[in-house]
1. Report the FRET efficiency, 1/(1 + (r/R0)^6), for Arg355 and Ile283, where r is their Cβ-Cβ distance and R0 is 25 Å, rounded to 0.05.
2. Angle, helix 267-305 long axis vs. longest principal axis of the chain, Cα atoms, 0 to 90°, nearest 10?
3. Starting from 0.36 nm per residue, how many nanometres of slack lie between Val158 and Ile377 once their C-alpha separation is accounted for?
4. Farthest toward the dipole's positive end in the chain, which of Gly5, Val289, Pro66, given Cβ charges of +1 (Lys, Arg) and -1 (Asp, Glu) about the Cα centre?
5. Where Lys and Arg each count +1 and Asp and Glu each count -1, what net charge lies around Gly56 among other residues with Cβ under 11 Å from its Cβ?
6. Given labels modelled 7 Å from the Cα in the Cβ direction, how far is it in nm from Asn226 to Ser133?
7. Taking only protein heavy atoms into account and a 1.4 Å probe, give the accessible area per residue of the chain in Å².
8. Ordered by residue, what ³J(HN,Hα) values in Hz, to whole numbers, does the range 219-226 give under the Karplus form 6.51 cos²θ - 1.76 cosθ + 1.60, where θ = phi - 60° and Gly and Pro are x?
Amino acid sequence: MGTLGFEWTVALRFLREGRMQTALIIGGAAVGVGVIYFITAVLVGVQSDLIRRVTGAQAHIVLKPPEETVAPLVAATADAPRLASVQARPQRLTTIDGWTTLARQTETTEGVVAVAAVATGAALAIKGNASRSIVVLGTDLNQYMRVVRLDDKLTQGVLRLEPGEALIGVELARDLGAVLGDRFRVQSAENASQVFQIRGLLDLGSRELNRRNVYVDLRGAQSLLNIPGRITNLDIAVGDIMRAEQIAARLRAQSGQLVESWIQTNNQVFAAINNQNIMTLLIRVFVTVVVALGIASVLVVSVVQKRKEIGILRAIGATRAQMLRVFLLQGAMVGIAGALVGSALGLALVGIFSRVLRSASGTPLFTLHFDANLIGIFVIASALLGLIAAVLPARNAADLDPAQAIRG
């Protein structure tokens, strides 16, 4: 037979006759798919939120000069062994040589989407009798905005960094007793001093950053830190933040500078994400196995219940291959139906829990996204799973002897 008309007809009839069994098996598959869809959506949402918070106020990759090390002046010999202990040299403010050329080369690296030059160093913020230790970050705001989005962190004022203007965190403003438009003095470790006016207040998502970071124009920071025309690091944004360490390794090899990715500086967070992915994968595997066993067990029972029908069909000319395809089609149809119902169930669960689960700020913990690609993957995977689960029952049905089946 050139088409599957006979097999489709018989498979649908068998499924209709066993309505309760069909409903139970589709329901079981739907619950499995719904759980997997819900777990996937929650995992992606929570991880995206966590990564966004971790990297929200920092570059994906930071390129800076290598740290200074100390080595003994006298080489070790048999008579004069090298000293076992060498006192480390205090780290001083270092800059990147030829940074403009290096910035252009970095921008052309595969995976890099933006590069911003930054001059940063420790300083003291002073207003009246209040003083706080801060980190000055001098940059071109237009370039820096392509690396770190400060626009969604602005709580008051405007995003502007003209000479003599600064953007500071809300906690630092509170500590200094300052409000928008006030002026404060910045005293650097190089004994340089400059007065800045507060043009904007930022909430960087971390109390420590809100108390520490002060953004000024690049020339102002260079003057404060006594590094005219030079910078201390290049801040880099990449297209795929999960590949940041691979891109950092490439930049490390081609630049010879010290290159750190957000994965390296937040290795505990990244390790937690990886462990979470492993546990989620195990849950998916176990749920998939349970669904497959459920489909297989119901189809095995169906073969036993349909022995006489199968025997009659074989007696009137149905081939072993046709009976095999009948039960394989049943498995595929059950899998597809379970995937469609389960995807709807998963969407409903995500929609409900996205309104229930809230972060500390009261915003939704994750956002509901309708992922048509994910549903398509589930449908295809469930169809294959149904086919695999139906192999044993289908072979049993094909191997039935017509005479024995009719007598039985």
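The values are calculated or read from the model by the stated rules, or taken from the named source; none is laboratory data. Not measured: the values here are computed from a predicted model. Virtual Cβ from ideal backbone geometry, glycine too; neighbours counted across all protein chains shown. Side chains included, ligands, DNA and RNA excluded: accessible areas come from the protein's heavy atoms. Shrake-Rupley method; radii C 1.70, N 1.55, O 1.52, S 1.80 Å.
1. For Arg355 and Ile283, the calculated efficiency is 0.60.
2. 10
3. Gain in length upon complete extension: 74.3 nm.
4. Farthest towards the positive pole: Gly5.
5. Residues near Gly56 contribute +1 overall.
6. With each label placed 7 Å out from Cα toward Cβ, I get 2.0 nm.
7. 53
8. Going residue by residue, I get 5, x, 5, 4, 5, 4, 8, 6 Hz, with x marking Gly and Pro.
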